[in-house]
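Notes for the one structure printed next.
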Amino acid sequence: MNAILNTIFTKHQHQPGALLPILYDIQHELGYVPEDAVPLIAKELNLSRAEVHGVITYYHHFRQTPPGKHVVRVCCAEACQANGSEALAAHAAKRLQGADVTLEPVYCLGLCSIGPAIQIDETELHARVTPQKFDALMHKLGEKA
Ligand code: FES
């Protein structure tokens with residue numbers, strides 16, 4: 001992990017406000033921001049551990065534990081909520097129990113008028129997702145495994 005962090009620190013060395021870009025890069029490389037990275041980031045940026053930890057916990061984007069084999073994000077922003085995303089998120093949580101899939105909220109995927117929207121593994125966006133459509137997508141995802 002230290003070699004990866006050092007590469008990321010060097011990349012952002014002279015960048016003002018480097019904390020968020022560093023956290024993004026760490027999560028991109030490792031899949032999450034390990035607790036062990038917090039003191040190293042704090043030292044690098046001359047911040048307190050609490051400040052770094054505060055930013056990690058404030059932004060829903062950052063994970064503090066390794067993700068599952070797949071990451072599924074359900075949009076929980078207002079427009080999708082109006083189209084039933086809360087019920088969809090509850091269905092997803094039940095459907096994914098015991099699966100090696102990380103379920104996360106996300107706040108807008110740019111498909112507001114055709115929600116509820118979900119994202120699978122950073123690459124796939126799906127709109128108008130009903131519980132039935134969700135199950136079909138998860139079945140397909142299982143077949144890819
Ligand atoms: S509010 Fe869900 S995609 Fe924008």
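The values are calculated or read from the model by the stated rules, or taken from the named source; none is laboratory data. What you are looking at is a predicted structure, and each value in this text was computed from that prediction instead of being measured. Here the Cβ is made from the backbone with ideal geometry for all residues, glycine too, and neighbour counts use every protein chain on show. Surface accessibility is based on the protein's heavy atoms, side chains included, excluding ligands, DNA and RNA. Shrake-Rupley method; radii C 1.70, N 1.55, O 1.52, S 1.80 Å.
Quick check on region 121-139. Is at least one of its residues within 20 Å of residue 32 (Cα to Cα) and in contact with a Gly (Cβ under 7 Å, 6 or more places away or on another chain)?
no
Can you name the condition, by its number, that residue 129 falls short on among (1) more than 30 Å from residue 5 (Cβ to Cβ); (2) in contact with a strand residue (DSSP E or B) (Cβ under 9 Å, 6 or more places away or on another chain); (3) within 11 Å of the ligand (Cβ to nearest atom); (4) open to solvent by 30 Å² or more (accessible area, probe 1.4 Å)?
(4) is the only condition that residue 129 fails.
Based on what the data block shows, is residue 137 in a loop (DSSP other than H, G, I, E, B) and open to solvent by less than 50 Å² (accessible area, probe 1.4 Å)?
Details: in a loop (DSSP other than H, G, I, E, B): no; open to solvent by less than 50 Å² (accessible area, probe 1.4 Å): yes.
For residue 137, the condition - in a loop (DSSP other than H, G, I, E, B) and open to solvent by less than 50 Å² (accessible area, probe 1.4 Å) - is not met.
Which of the residues spanning region 50-65 are over 15 Å from residue 107 (Cβ atoms) and either small (Gly, Ala, Ser) or part of a loop (DSSP other than H, G, I, E, B) (or both)?
In the first step, residues of region 50-65 are kept if they are over 15 Å from residue 107 (Cβ atoms); the result is 50-57, 63-65.
Matches in region 50-65: 50, 54, 63, 64, 65.
Picking from 94, 43, which residue would you name as being out of contact with any Asp or Glu (no Cβ under 7 Å at 6 or more places or on another chain), among the basic types (Lys, Arg), at negative phi and in the same structural domain as residue 118 (by TED's automatic domain parsing)?
On the way: 43 fails: in the same structural domain as residue 118 (by TED's automatic domain parsing).
Result of the check over 94, 43: 94.
Name the strands (runs of 3 or more DSSP E) wholly inside region 69-124 in which the number of residues that are in contact (Cβ under 8 Å) with a residue 24 or more places away in the chain, within 11 Å of the ligand (Cβ to nearest atom) and under 21 Å from residue 140 (Cα atoms) is 3 or more. Write out each step before concluding.
On the way: elements: 70-75, 101-106, 118-120.
It comes to 70-75.
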